[in-house]
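Here's the structure we're looking at; comments come further down.
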Amino acid sequence: MSESFAPTSYDWPQTETWFTPACRCFEQYGALTDRGVPLLHAEQQDTSCRAWSIVVERVERAAVEQPEVFEPLAGLTDCQRSEVVALPATISRLKRVRVLSLCRSAVSSLPAAIGEMESLEILDIYQSYRLHYLPFELTRCSLLKDSRISTRALFGNYKRIAPFPDLLDRSNSESLRALAPKDCSVCGSPVSEGSGLPRWITRRVGTDFVPLLLVVCSSPCIDALSRAVPDARVHSGGTGSAEWGPRR
Ligand SMILES: [Zn+2]
Ligand SMILES: [Zn+2]
């Protein structure tokens, strides 16, 4: 740990809002796996709203000022919070941010670019109940050691026993097109639109086991990942996949 900064002193703050970003993904599909399989959130970020402009401006400013703690939604009204469902890929420029705080957000996906936040040590997405998984690229943040995640909101979690969305189901293809990284999550080769293979894997991120979405260029890359992490299953979700979720 650096002497100039003690991230353990980060005190997991409560936000000043009681905004509750609920969704019906788990209620609809219930606790029994045979009731169905959830879908990926399909909402796309409205880039014309004021709240999004504020977030984009804050990322721009942080890219210049390089703060150690970045809280993109601080001070936003509940209405503005509800309008921010993603983060801009420009967060890749936040090379010195050690704490990313996104608690009580309505964010339903994080960009693969988060993997380029090379100083990230703490990820706080507590009570972001629409965020059911994280991008695999987060595993590239080699300093990440602490996290605060509402684990009951995660796909495959042991409380809800809901399966993972079926990544090969056509109803998810539009959401995947919007999410898919341009490079293979494993080897980094460019992946042309529509040719990537989406998969799930559950791995430790910070202090939690979290479902991660990856998009790879080829089946050899899936095999390479399976060999590298033999205790984790690389799968495409669907009926019966709940058991591959986080176990605690
Ligand atoms: Zn949901
Ligand atoms: Zn690859």
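Taking the Cβ of Q66 as the centre, find all other residues whose Cβ is under 11 Å away and add up their charges (Lys, Arg: +1; Asp, Glu: -1).
Neighbourhood net charge equals +3.
Any idea what the relative contact order of the chain is, in percent, if you count C-alpha pairs under 8 Å spaced at least 6 apart?
Working: 534 pairs, mean separation 46.7, N = 248.
Value for the chain: 19 percent.
Could you tell me the calculated FRET efficiency between S219 and Q66, based on Cβ-Cβ distance and R0 = 35 angstrom, to the nearest 0.05?
0.30
Grab the Cα-Cα distance for E16 and R233, subtract it from 0.36 nm times how many residues apart they are, and report the gain in nm with one decimal.
That works out to 74.2 nm of additional length.
Per DSSP helix of 4 or more residues, -39500 (n - 2.57); summed, then divided by the residues of the chain. What does that give at 222 nm, rounded to the nearest 500?
Result for the chain: -5000 deg cm²/dmol, rounded to the nearest 500.
Please report S150, S192 as a ranked list, fewest other C-beta atoms within 10 angstrom at the top and most at the bottom.
Going from sparsest to densest Cβ surroundings: S192, S150.
For the residues Y158, Y126, Y133, what sequence is obtained by ranking on other C-beta atoms within 10 Å, fewest first? Each step should come with its number before you reach the end.
On the way: Y158 15, Y126 20, Y133 23.
Lowest to highest Cβ neighbour count: Y158, Y126, Y133.
Test of the criteria: in segment 42-136, which trypsin sites (Lys or Arg not before Pro) are in a DSSP loop and have at most 12 other Cβ atoms within 10 angstrom of their Cβ?
Of the trypsin sites (Lys or Arg not before Pro), the ones in loops of segment 42-136 whose Cβ has at most 12 other Cβ atoms within 10 Å are K95.
With a Förster radius of 25 Å, plug the Cβ-Cβ distance of S171 and E118 into 1/(1 + (r/R0)^6) and report the FRET value to the nearest 0.05.
Working: r = 36 Å, r/R0 = 1.43.
The calculated FRET efficiency here is 0.10.
Order these by the 10 Å Cβ neighbour count, fewest first: F164, F136.
By the 10 Å Cβ count, ascending, the order reads F136, F164.
Go ahead and run the numbers for FRET between T207 and S48, Cβ-Cβ distance against an R0 of 30 Å, rounding to 0.05. Could the numbers behind the result be given before it?
On the way: r = 37 Å, r/R0 = 1.24.
FRET efficiency, T207 to S48: 0.20.
Given H placed 1.01 Å from N in the peptide plane, which residues other than close sequence neighbours of V205 have an amide H under 5 Å from its amide H?
V210
Apply the Karplus parameterisation 6.51 cos²θ - 1.76 cosθ + 1.60, with θ equal to phi minus 60°, to every residue of segment 188-198 and state each ³J(HN,Hα) to the nearest whole Hz, in sequence, with x for glycine and proline.
x, 5, x, 10, 6, 4, x, 9, x, 9, x
By how many degrees, 0 to 90 and rounded to 10, does the Cα axis of helix 50-65 deviate from the longest principal axis of the chain?
That works out to roughly 70 degrees.
Place a +1 charge on the Cβ of each Lys and Arg in segment 162-248 and a -1 charge on the Cβ of each Asp and Glu, then give the dipole magnitude about the Cα centre in debye, rounded to the nearest 20.
Using Cβ point charges on Lys, Arg, Asp and Glu, segment 162-248 gives about 220 debye.
Throughout, read-outs are computed from the coordinates displayed, never taken from laboratory work. These numbers come from a predicted model, not from an experiment. Positions of Cβ are generated from backbone atoms using ideal geometry, with glycine treated the same way; all protein chains shown enter the neighbour counts.
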